[in-house]
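The values are calculated or read from the model by the stated rules, or taken from the named source; none is laboratory data. Note that the structure is predicted; figures quoted are calculated from it, not measured. Virtual Cβ from ideal backbone geometry, glycine too; neighbours counted across all protein chains shown. For the accessible areas, the whole protein counts, side chains as well, though only heavy atoms, and no ligand, DNA or RNA atoms are used. Shrake-Rupley method; radii C 1.70, N 1.55, O 1.52, S 1.80 Å.
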Amino acid sequence: MKNYSLAIISVLLLLLSNCSLVDKEETTPSVAEGYLNLEEISINLNNKTVVLPPEMINITYKSKKENGQFSSEFTKEGYDLSEIPFSPGSYKVIIQRSDNKTPLPGVPLTILLEKEFEIEDQETLTLNINEEITIDDKLMSVSITDNLFSKFENLKVTFKSKSGEYIIDKENNQVDNTFFVEEEAYVVECQADINGKTKYLTKVILADVDSLFRDSIVIDDVLGGSSPFSDSNTTLSLLTYFRLVSGFESDKNGQVYFSANKKEGAQHVSEIEIYRFHIPYNRLSSSLSVAPKDFTNYDSLSTLIIEDSDFSMLPENLTQLEYLRLFNSNFNTLPKNVTNLKSAIIVWNSFDSNDRDDIQDFLTSNKNLEFCQINENSLKSYPDLSLCTKLKHIVLNGIDHNNSQVLPEWVSKLSNLESLTYRKGVDTSIPESIKNLQKLQQLTFENCKLTNIPEWIEELPQLQEINFTSNQIDGEIPTKLFNCDQLKKIYLTRNALTGNISPDFSKLKNLTHLYLNENNLTGDIPSDISQLNNLEYLHLQFNDLNTDNIPQEILNMNLIEFKY
């Protein structure tokens, strides 16, 4: 809701003699002149007076010509006009903020006031401006009682926006520090000296521009715990889990806390999350582009998840990190001395082709890496992970926006690989070397250019799932596929398969999912499929099948989904 406020601007103008302001287009008149010295501008808002610092305002002066138009303007920052000559005549003064909306208690983000006035010959003028203005800015209140400064040594509370910050201390605290805001996220950081060390506690505020209420943060509540600056809440030397996700809807008073929780009986802080948080697609204030000062020691951190944020840097000291997920953020560098990763997910960040070797060095230095996913990072080619011999699961997806990528040869050297997911390649066939992966249980080639299912697929003895969705596979399904008796899931959606559905599908006794939809299959649906006692999902729609006479045995199956 718009906050309408009456601002009374008191401007004291003292006119001294011996100078003149002259229109550059006119001849200097032979009249007595004077100097204009502006002493102070203050705002009286809600019964509270705020003096505008000189460095925060611009004042523009215009002289009035005979045609009634104002021209010959000049602008000065601040109050000092002692060297500007004025001639008698009509003028207009315009007062605006000159800075980039740096937060200051009680000062609107936008100030624009205009007032006309006359200067007579040899006159000393005192000008008072009393204007009713409309303030559209949202209000944010940061309340701090004076006794809190006695409780914590050298306490400072910093209100941060994208444009700057304002530090509240014992000397300038107004008890209720009201800021005008317009952004989505603000940071309030509490700093105090505890046992000779400077410690921090950070809180993020989400400004809901549609809220009907004035947002407020009471620092006494934030620091109300028995030991708000304790190690478990600040340096986090025992931190093992850190999650920053902007996927949670906030309410009208939505707020975000950086805080740690120690589970009962645990020796380490086991979980730290940011919750009730929704700022889509990197719209977070730049003040949150690096981890808060709370998190200064990551010696024990084992899990780090950062999604949909402006974070661009990671701390270096992540020696115990085992799980790393960087999703849709601004990262283009990776930390050093990370050697214990078991899982790494790097998706939709700011890496480009020049970063390929850095990512390769980062990942291959983690000899225990078991899971790796690299998506949509514009790398041109995948980093070589053949040295990651313990890899069990790998996901490679869409790194080349020119659509020219193929499955790298080194994948077939990962003898411990159990699942291979590969998407958006131009491969027309699956390399035969993949049959060397004898532990492979899941094989996905999705949205590629495959034209066939390889005959050698039966040579993968542990294969349980194939996903060849959205390819160009044509002809009949090869009979070799029915020798893969461990198969549980088959996805062949959106291809160009022809012919009948083979009764030999009934040989795959472990099958739970069969997706043959969106092909060119014809004929009857074989009743033999009813012999698949474990089948739960059967999708046959968008083919040329005879669906007028579906075998009753199939209709009687206890399927979760049957589409035809």
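What to note about this one:
- Residue count, the stretch 390-412 (criterion: at pLDDT 95 or above, open to solvent by 70 Å² or more (accessible area, probe 1.4 Å) and either on the phi > 0 side of the Ramachandran plot or touching a helix residue (DSSP H, G or I) at 6+ places or on another chain (Cβ under 9 Å) (or both)): 0
- Whenever a residue of the stretch 509-524 is over 13 Å from Phe468 (Cα atoms), its partners that are basic (Lys, Arg) and part of a strand (DSSP E or B), lying with C-beta atoms within less than 9 angstrom and at least six residues away or across chains, give the pairs Leu511/Lys489; Thr512/Lys489; His513/Lys489.
- With respect to (1) touching a residue at least 24 places away in the same chain (Cβ under 8 Å); (2) out of contact with any Lys or Arg (no Cβ under 9 Å at 6 or more places or on another chain), the lone exception for Leu440 is condition (1).
- Members of the stretch 413-430 that are of a type in the set (A, V, I, L, M), part of a loop (DSSP other than H, G, I, E, B) and surrounded by 19 or more Cβ atoms within 10 Å (Cβ to Cβ): Leu414, Leu417, Ile430
- The sole residue among Ile194, Ile219 that is surrounded by 20 or more Cβ atoms within 10 Å (Cβ to Cβ) and either over 30 Å from Ile94 (Cα atoms) or modelled with pLDDT of 80 or more (or both) is Ile219.
- In the stretch 337-355, of all residues being within 23 Å of the chain's Cα centre (by Cα) and of a type outside the set (Gly, Ala, Ser), the one that is nearest to Thr389 (Cα to Cα) corresponds to Ile345.
- Filtered residue count, the stretch 431-452, keeping only those that are closer than 21 Å to Asp485 by Cβ and open to solvent by less than 10 Å² (accessible area, probe 1.4 Å): 5
- Residue count for the stretch 459-508, restricted to those that are in a strand (DSSP E or B), open to solvent by less than 20 Å² (accessible area, probe 1.4 Å) and not β-branched (Val, Ile, Thr): 1
- For the stretch 432-484, the candidate set comprises residues that are out of contact with any helix residue (DSSP H, G or I) (no Cβ under 6 Å at 6 or more places or on another chain) and of a type in the set (Gly, Ala, Ser); within that set, the residue that is farthest from Leu396 (Cα to Cα) is Gly475.
- Every residue from the stretch 509-523 that is part of a strand (DSSP E or B) and within 47 Å of the chain's Cα centre (by Cα): His513, Leu514, Tyr515
- Screening the stretch 56-165 for strands (runs of 3 or more DSSP E) wholly inside it with 1 or more residues that are modelled with pLDDT of 70 or more and open to solvent by 70 Å² or more (accessible area, probe 1.4 Å) returns the ranges 57-64, 70-77, 89-97, 112-119, 153-161.
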